[in-house]
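The values are calculated or read from the model by the stated rules, or taken from the named source; none is laboratory data. Model, not experiment: these values are computed from the prediction. Cβ placement follows ideal geometry from the backbone for every residue including glycine, while neighbour counts extend to all protein chains displayed.
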Amino acid sequence: MIAQTLQSLPQVLVDGVTLGAVYATVAIGYTMVYGILELINFAHGEIFMSGAFIGTAILLVLNGAGWLAHLPKLLVLLLTLLVAMALTGLLGMGIERVAYRPLRHAPRLIPLISAIGVSFVLQDVVRFIAEWRTGNYIVTGVTLYGSEVNFGSITVKSNALFVLGAAVVMMAGLDLFVRKTKWGTAMRAVAQDKDTAALMSINVNRVIALTFFMGSALGGATGVLFAQQYGTIDPYIGFILGLKAFTAAVLGGIGNIRGAMFGGFVLGILEMFASAELGPLTGGVLGAEYKDVFAFIILIAVLLFKPEGLFGQAVKEKV
């Protein structure tokens, strides 16, 4: 039994890292918006879901037209990612302009309610479009890479490699952008103090719009990768996954981009280990059905014992 457990551990670790990459890229969107506006954008999970449907729709159209068989798969995937990122980025900017900017100086509860309302609107709009076009709101997409790669006792799907690779590239690119570019400096200045940044000739509204665009674009691209990894999507996939990504952001330290990345990977790995059958380590007590519960147990524990997160800093309340 112990030998079986040790043999299963690498596979569980690989699956956890792949799942963690999804959580991490979605968590970045939460933490970027919170870092600047101190707003929890609960519509971000539905932006992720919208990206999954946009990517699936593009691939279904190409496949129906017969073009998919004649184009390089990598090129198709990259173009699909770029289109989904552009559309979801614009969607995020539109949500910020319509639902959040007019409420910027309202009590914090009001924008939160607005965010929840936007998430329900996006769910219903996508469901309506999916049922209108396909007759069913549950959609099975086109999988570009369905093969598996074996590394000893570890089996990795080709899609999982693309998910992990693309997620790492996007996260590294965002980190470099925020730390090394002029716009990244402006974003950090606005996050530090919006009023002072405005006095230094920084266009605060434009920086906030850019933040929503980048966070939403990352979420949309992750939705495309999620659809490639799991095949079937529906308008409600963003709800639970969005809450888990928010948990990852809180775990790493809400407002800290690198913390959100780390929290996503930690949550994905812990979740897979909690739900995997590892012989004597679990005795069959834990299973896949407990995966969601475990994520929220982590959230409660973090809020109780270290509410600022692993990489966050405690902030004193102003008197």
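Odds and ends about this structure:
- Candidates are the residues of region 196-230 that are among the small types (Gly, Ala, Ser) and under 17 Å from the mean Cα position of the chain (by Cα); the one that is nearest to Trp183 (Cα to Cα) is Gly215.
- Test: Val14 is under 17 Å from Ala260 (Cβ atoms), touching a residue at least 24 places away in the same chain (Cβ under 8 Å) and not in a loop (DSSP other than H, G, I, E, B): no
- Any hit, region 127-138, residues being within 23 Å of the chain's Cα centre (by Cα) and loosely packed, with under 15 Cβ neighbours inside 10 Å: yes
- Scanning region 146-159 for any residue that is within 17 Å of Ile54 (Cβ to Cβ) and either assigned to a helix (DSSP H, G or I) or modelled with pLDDT under 90 (or both) turns up nothing.
- Filter result for the condition that a residue is closer than 24 Å to Ile233 by Cα, in contact with a helix residue (DSSP H, G or I) (Cβ under 8 Å, 6 or more places away or on another chain) and surrounded by fewer than 17 Cβ atoms within 10 Å (Cβ to Cβ), over Ala43, Ala27, Ala52, Ala86: Ala86
- Arg104 in contact (Cβ under 8 Å) with a residue 40 or more places away in the chain and of a type in the set (Lys, Arg): yes
- With respect to being free of Cβ contacts under 8 Å to residues at least 24 places away in the same chain, basic (Lys, Arg) and either surrounded by 24 or more Cβ atoms within 10 Å (Cβ to Cβ) or part of a helix (DSSP H, G or I) (or both), Arg258 falls outside the description.
- Total residues in region 63-92 satisfying the condition of being part of a helix (DSSP H, G or I) and either of a type in the set (Lys, Arg) or over 19 Å from Gln229 (Cβ atoms) (or both): the figure is 11.
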